[in-house]
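Beneath this line is the structure, given in structure tokens, with notes to follow.
The values are calculated or read from the model by the stated rules, or taken from the named source; none is laboratory data. All values reported here derive from a predicted model rather than from experimental measurement. When we count neighbours, we look across all protein chains shown, and the Cβ atoms used for this are built from the backbone with ideal geometry, even at glycine. Ligands, DNA and RNA are stripped out before the accessible areas are found, and what is left, the full protein with its side chains, is counted by its heavy atoms. Shrake-Rupley method; radii C 1.70, N 1.55, O 1.52, S 1.80 Å.
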Amino acid sequence: MSTPTLAKIEHPPATLRDMVQERMREAIIEGVFHPGQRLVERPLCDQLGVSRTVIRETIRYLEAEGLVEILPGRGPIVATISRDEARQIYDIRRMLETSAAEDCARKITPDRARSLEAALNRLKKGFGDKTPGALFRATSDFYSEIFEGAGHHVAWDIVQRLNGRISRLRMMTLSSTQRKQPGIFHMEAICSAIISGNAKAARQAVIHHLEDTTAIAEKLLSDADEDTKND
């Protein structure tokens, strides 16, 4: 007697908690809630139409991601990112992303090349898409293709844990007019080097990208520190 087979569920239905987490994560990343702003339960319940229990669970989850801080006497606030924390995040990204880009280039296949190009095209559209979370998801998908193509699944798990804070820094630097090159220019260079199978060029493209964004983030966070001191 043969065992019956069932079609694999590619995208499990999101729970209410998952949807609230995604909505609040996007709001923090995109600056709807500002660093240091209190997250008050009652207004959040009213705006999202959910219970206090769901909001509390979401806040605990976002605290674990480093997007929320719980302060004694004040409760939950949107976490700030210090210059030192930003520097550490970029150092981790440099180690993981350069290695992933190199190995993805070495292992590139026609199917992976097509998938990566498709992810790049979605990312290009994401820059002009005003839908909440569109650019965040498109960027994550692009990097997911690189890490998957490299076979760096454990490294991608680490990136995912940092993804909220990485995306906050990314949204901050994307809006800057001080970039040496537009963000999409770097993504195109990374994609082109990987698809050509040039591991060295892929590594350098990632390094150039991160050097650019690190410098911008350092300047913006330094300016923010000065503004805070002068208030």
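Of note:
- Among the listed pairs K124/K200; K107/K219; K125/K219, those beyond 30 Å (Cα-Cα): K107/K219
- Ordered from longest to shortest, the equivalent ellipsoid semi-axes for the chain are 31, 26, 15 Å, each the square root of 5 times a Cα gyration tensor eigenvalue.
- With 0.36 nm allotted per residue and the present C-alpha distance subtracted, the M19-K107 stretch has 28.1 nm of extension available.
- Working from Cα pairs under 8 Å separated by at least six residues, relative contact order for the chain is 24 percent.
- Solvent-accessible surface of the chain, taken per residue with a 1.4 Å probe and all protein chains present: 57 Å².
- Within-13-Å neighbourhood charge of E30 [Cβ basis; K, R +1; D, E -1]: +3
- Order by protection proxy (mean Cβ within 10 Å, highest first), peptides 68-74, 30-36: 30-36, 68-74
- For V68, residues with placed amide H under 5 Å, excluding near neighbours: E63, A79
- The peptide list 202-209, 150-157, put in order of mean Cβ contacts within 10 Å with the highest first, becomes 202-209, 150-157.
- Integer Hz, Karplus 6.51/-1.76/1.60 couplings in order for the stretch 47-59, x for Gly and Pro: 5, 8, x, 10, 7, 5, 4, 5, 5, 5, 4, 5, 4
- Taking the stretch 53-188 and dividing mean pair separation by its residue count, relative contact order in percent (alpha carbons under 8 Å, at least six apart): 27
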